[in-house]
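Notes for the one structure printed next.
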Amino acid sequence: MSTMKVCVLFRPLNPKELSEFGDAVSVQGINSESFIVKDEKEQEFDFTFDRVFYQGSEQADIYEFLALPIVQGALDAINGTIITYGQTGAGKTYSMEGPSIVDCESKKKGLLQRVVDGLFEAITNSEKPSKYTIKLSMVEIYMEKVRDLFDLSKDNIQIKESKVHGIVLNGATEVAISNSAEALQSLSSGIANRAVGETQMNMSSSRSHCLYIFTVHQDLTKDKRTKFGKLILVDLAGSEKVEKTGAEGKILEEAKTINQSLTALGKVINAMTSSTPGKPTHIPYRDSKLTRILQDALGGCSQTALLCCCSPCPSNSSESLSTLRFGARAKHVKASVHVSCKEDLDNTKDATVYTYVDESRERILAKLRERMTADDVELLEKLFVLEGIFFDPNSIDEIEAAYEDVTSRTISSLHKAVEELSTGVEKMSRENVALKASLKVSEEFYQHQLERRSLCFIL
């Protein structure tokens, strides 16, 4: 059992903090692992983590300590996750992406660019007789919906659980990447689609949680095996205090959803670290899309690293302490890692895939017919094909989950259609009122003209 690696980054003071509070800071460094933080009342709190990166730390140092071991693990078929966490404006996205994902000087490159370079460099230097393939997916969790940043038409991706692959995003676009430049261009296009907004604390505030997913396939031809490792980088949206961000309208609604999902993440960490040995504990992974997707990273078979990003400014000491306490709890989360490997004992497997799929579908439909009418089963079969849903045909739970997903999506589509129809009816109603008013004016004018003509005739 290994524990989650937790590091802390104190970003430099920004121009607004310098102008309002000068160069005063609330953190006092002790060494590379420990420090003291003062709150608004000057009370001191001691913290110790795996590594502390103070103001002026190099991006390369953060990558080498936090991410490099996880990159190497992904090539050895060990899943890994790197998460940036902290209040809005604390430097999470800068740590992840640097000032720019493509046009960026080497010194300022973020974790994302360095992970990409590290993956391809390790493959190039590998002496193993293997063929590597890397695929990239990119999604955001916006207003509790999982959206595909490579295909914006996929705005409500469903979360599935596979016995082999763990948590998967059903139908998310996967882009094959063969070199660093290609990967960064794809990432740049995805980042351009991410939801951002302006607040009083951040000119370009992330309004969603963003996940960059690298899947590394390693074909061992000699042993007839396939090993695969999944590496996920998670740039969390920052927690927000409305009185500081000045959020209103849509930005306020986004902030509420962000805070709710971060609260759900905190509850999961609390449940995992406060359980009594020997007693079963419910871990509320399903309370939010974020915790559901991170289920493997938090409590499954994955190497996980957390970078807690903080502002050193005294005005943000309350939020910084909240971030640090979250990191201190997360440090006690334990996980056991294993190699993800699939035996390829049948060389004709590819030729029998479609036969297997057909047989699986028939078994699924047969089980559904035991519970439902023939018309309902036929409708579901069409919906399954349209939605591209895949699940274990031998699992009743998976069938019911898929049924719920299709039903949910169908109801959502119907609601949308009703809303559009209502909007159309409302528009027609307004036009009808205007038309009636116009008609009434015309009738009054016509009546007035008749009265005038009648008067003229009498005279």
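For this structure, a couple of remarks:
- Residue count for the stretch 10-55 under the criterion of being in a loop (DSSP other than H, G, I, E, B), of a type in the set (D, E) and farther than 15 Å from S315 by Cα: the result is 2.
- When the test is whether a residue is in contact with a Pro (Cβ under 9 Å, 6 or more places away or on another chain) and crowded, with 20+ Cβ neighbours inside 10 Å, V71 does not pass it.
- Of everything listed in (1) surrounded by fewer than 19 Cβ atoms within 10 Å (Cβ to Cβ); (2) modelled with pLDDT of 85 or more, the single unmet condition for K241 is (2).
- Neighbours by Cβ (under 6 Å, 6+ apart or cross-chain): first from the stretch 122-141, in contact (Cβ under 8 Å) with a residue 60 or more places away in the chain and over 14 Å from T215 (Cβ atoms); second aliphatic (A, V, I, L, M) and surrounded by 18 or more Cβ atoms within 10 Å (Cβ to Cβ): E140/L149; I141/L290
- Of all residues in the stretch 74-112, those satisfying the criterion of being open to solvent by less than 10 Å² (accessible area, probe 1.4 Å) and in a helix (DSSP H, G or I) are A74, S95, M96, L111, L112.
- The lone exception for K256 - which of (1) surrounded by fewer than 21 Cβ atoms within 10 Å (Cβ to Cβ); (2) under 21 Å from the mean Cα position of the chain (by Cα); (3) in contact (Cβ under 8 Å) with a residue 60 or more places away in the chain it fails: (3)
- One residue stands out among those in the stretch 16-29 that are over 23 Å from T84 (Cα atoms) and not charged (D, E, K, R): the one that is least open to solvent (accessible area, probe 1.4 Å), which is G22.
- Condition met for S34 (open to solvent by 40 Å² or more (accessible area, probe 1.4 Å), modelled with pLDDT of 90 or more and among the polar types (S, T, N, Q)): no
- Taking the criterion of being assigned to a helix (DSSP H, G or I) and open to solvent by 70 Å² or more (accessible area, probe 1.4 Å), the residues of the stretch 113-155 that qualify are E121, T124, N125.
- Lone unmet requirement of (1) farther than 18 Å from V196 by Cα; (2) more than 17 Å from the chain's Cα centre (by Cα); (3) not in a helix (DSSP H, G or I) for I62: (3)
- Members of the stretch 156-174 found to be over 17 Å from the mean Cα position of the chain (by Cα) and surrounded by 14 or more Cβ atoms within 10 Å (Cβ to Cβ), listed by number: H165
- Restricting the first member to the stretch 313-326 and to residues that are without any contact (Cβ under 8 Å) to a residue 12 or more places away in the chain, and the second to residues that are in a helix (DSSP H, G or I), no beta-carbon pair is closer than 9 Å while six or more apart or on different chains.
- Of the residues making up the stretch 57-83, just one is within 14 Å of L112 (Cβ to Cβ) and touching an Asp or Glu at 6+ places or on another chain (Cβ under 8 Å), namely T81.
- Residues satisfying the stated conditions in the stretch 244-281, i.e. of a type in the set (D, E, K, R) and either at positive phi or modelled with pLDDT of 85 or more (or both): E253, E254, K256, K267
- All of (1) in contact (Cβ under 8 Å) with a residue 60 or more places away in the chain; (2) over 30 Å from L321 (Cβ atoms) hold for D155 with one exception: (1).
The values are calculated or read from the model by the stated rules, or taken from the named source; none is laboratory data. All figures in this text were calculated on a predicted structure; none of them were measured in a lab. Because the Cβ atoms are built from the backbone with ideal geometry, glycine has one as well, and the counts that use them run over all protein chains shown. The accessibility values were calculated without ligands, DNA or RNA, using every heavy atom of the protein model including side chains. Shrake-Rupley method; radii C 1.70, N 1.55, O 1.52, S 1.80 Å.
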